[in-house]
1. In the range 233-255, what count of residues is obtained for those that are aliphatic (A, V, I, L, M), part of a loop (DSSP other than H, G, I, E, B) and under 24 Å from F166 (Cα atoms)?
2. For the range 26-37, give me each residue that is hydrophobic (A, V, I, L, M, F, W, C), part of a helix (DSSP H, G or I) and under 23 Å from G274 (Cβ atoms).
3. What are the residues in the range 182-192 that are crowded, with 18+ Cβ neighbours inside 10 Å and either among the hydroxyl-bearing types (S, T, Y) or without any contact (Cβ under 8 Å) to a residue 60 or more places away in the chain (or both), if any?
4. Within the range 261-288, count every residue that is closer than 25 Å to V208 by Cα, crowded, with 22+ Cβ neighbours inside 10 Å and of a type in the set (S, T, N, Q).
5. Given the conditions (1) buried (at least 21 other Cβ atoms within 10 Å of the Cβ); (2) over 25 Å from G214 (Cβ atoms); (3) within 21 Å of the chain's Cα centre (by Cα), and given that I79 satisfies all but one, which numbered condition is not satisfied?
6. Taking the stated definitions as given, is V211 out of contact with any strand residue (DSSP E or B) (no Cβ under 8 Å at 6 or more places or on another chain), part of a helix (DSSP H, G or I) and of a type outside the set (S, T, Y)?
7. Would you mind listing the helices (runs of 4 or more DSSP H) fully within the range 90-207 where at least 3 residues are hydroxyl-bearing (S, T, Y)?
8. Among the residues of the range 137-148, is there at least one that is touching a residue at least 60 places away in the same chain (Cβ under 8 Å), within 19 Å of the chain's Cα centre (by Cα) and closer than 16 Å to N242 by Cα?
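The values are calculated or read from the model by the stated rules, or taken from the named source; none is laboratory data. In this text, all values refer to a predicted model and were calculated from it rather than measured experimentally. Neighbour counts run over all protein chains shown; Cβ positions are idealised from the backbone, glycine included.
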Amino acid sequence: MNAQTLRQNGGVVALIAILLFNAAFTPNFLQLQTLFVNISQVATIAIVAMGMTLVIATGGIDLSVGAIMALSGAMAPLIFQSEFGTAYPALGLTAAFVFPLIVACMCGLFNGALISVLRVQPIIATLILFISGRGIAQVLTNGNLQTFKNPAFSYLGTGKVLGLPFQGWLALAIAVVLFWVVKRTSFGRYLLAVGGNEKAAQLSGGPVKTVKIGAYVICAFLSGIAGLIVVAINSASDAARNGNLMELDAIAAAVVGGALLQGGRAPIFGAILGAIIIQLVKYTLLANGVEDEVALIAKAFIIVLAVYVQQARKE
C-alpha cells in the first residue's frame with residue numbers, strides 16, 4: 001500500500017489495526033456484551049459527530065454540543081417528576097421527548113443567528129452556550145441527580161432491535177437521512193458550497209444565512225437526541241456529567257472521518273467511522289489499564305494526526 005492510498009484510507013486502516021490489537025490482547029473483547037457496550041457508547045458520539053460534520057462543512061465549529069446534551073437531558077426527568085407528568089403519563093412521555101428537543105433546536109437557532117446574522121466567530125458564539133448551557137441545566141436540577149422510572153422512555157437507551165442496541169439503529173437511520181440530505185437536496189448542495197467558498201455561494205444567490213442556521217439547528221437537535229439517550233440509559237440525569245467533553249469527541253470523530261476544518265465536505269458515514277475509532281481508542285486504553293486522562297491525550301493526538309493527513313492530501 002503506497003503513501004497516497006494510506007492517506008485516503010487512513011481511517012479504515014486505523015480501525016482494522018485497533019480491532020486486530022484488541023482481538024489479540026484485550027480480554028473479553030470478542031464477547032457480545034463488549035460489542036453492546038461499545039455500540040451504546042459509539043451511538044451518542046456518532047449522532048453528535050454527524051451534526052458536527054454539517055457545521056464543519058460550513059466552515060464553522062460548535063463547542064456547545066455537550067452543554068446542549070446536558071440541558072436537554074435535564075428536562076426529561078423534570079417532566080416525569082412534575083404534576084403534569086404524573087397526572088398524564090402518556091402526555092408526559094411525549095413531552096419528555098418533544099420539549100427537550102425543541103429547546104435544543106432553539107439553542108441551535110441562537111448559535112446560528114449569532115454566527116450568520118451578527119457575524120460572531122463560531123468559536124466565540126458557541127462558547128457562550130458551552131459555558132452557560134450546562135449552568136442552566138444545573139440550575140434546573142439544583143445540581144442534583146434526577147432519577148425516574150419510565151420503561152417506555154428508557155427503551156431509547158436500553159432497548160434492543162434484532163439483538164442490537166436501539167440507539168445503534170437510530171444512529172444508522174440518522175446517517176442515512178443526512179446522507180440523502182447532503183447528496184440529494186438543495187440544502188446539501190448549498191451547505192457544501194458555503195463551506196467551499198462562502199462569497200461565491202452568496203454571489204450566486206445561495207441562502208447562505210439560512211444554510212448556516214440550519215446546520216447549527218440540526219447539530220443542536222442531534223445533540224439533544226444524544227442527551228436523551230444518555231439519560232435513558234441511566235434512568236437518571238446528571239447535568240454535571242451528561243455530554244461532558246462531547247465536543248472533543250464529536251470534533252475528533254468528524255475530522256478523523258474526513259471532514260475538512262475549512263469546510264466544503266460533509267462525510268456523514270465518515271463521522272460514524274471516526275466515532276467508532278474514538279470510542280475504540282478509549283475502550284482499548286481503559287481495558288488495558290491506562291488511565292482516562294491518557295485517553296484524552298490520545299484523542300488530541302488523533303486530531304493532530306487527522307489534520308496532518310488532511311494537509312498531506314492537498315500536497
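1. First pass over the range 233-255, keeping only residues aliphatic (A, V, I, L, M): 233, 236, 239-240, 245-246, 248, 250-255.
If we keep only those that are part of a loop (DSSP other than H, G, I, E, B) as well, we get 239-240, 245.
Those still in the list that are under 24 Å from F166 (Cα atoms) too: 239, 245.
Of the residues in that region, 2 qualify.
2. Keep residues of the range 26-37 that are hydrophobic (A, V, I, L, M, F, W, C), which gives 29-30, 32, 35-37.
Narrowing the set further to residues that are part of a helix (DSSP H, G or I) leaves 32, 35-37.
Scanning the range 26-37 gives L35, F36, V37.
3. Pass one, the range 182-192, residues crowded, with 18+ Cβ neighbours inside 10 Å: 182, 188, 190-192.
Correct list: Y190 only.
4. Number satisfying all stated conditions: 0.
5. (3)
6. Values: out of contact with any strand residue (DSSP E or B) (no Cβ under 8 Å at 6 or more places or on another chain): yes; part of a helix (DSSP H, G or I): yes; of a type outside the set (S, T, Y): yes.
Taking the combined requirement at face value, the residue satisfies it.
7. Details: elements: 122-140, 151-158, 166-184, 186-196, 198-203.
By residue number, 151-158.
8. Keep residues of the range 137-148 that are touching a residue at least 60 places away in the same chain (Cβ under 8 Å), which gives 137-138, 140-141, 143, 145-148.
Those left that are additionally within 19 Å of the chain's Cα centre (by Cα): 137.
Among the residues that remain, those that are also closer than 16 Å to N242 by Cα are: 137.
Yes: the range 137-148 contains one or more residues that are touching a residue at least 60 places away in the same chain (Cβ under 8 Å), within 19 Å of the chain's Cα centre (by Cα) and closer than 16 Å to N242 by Cα.
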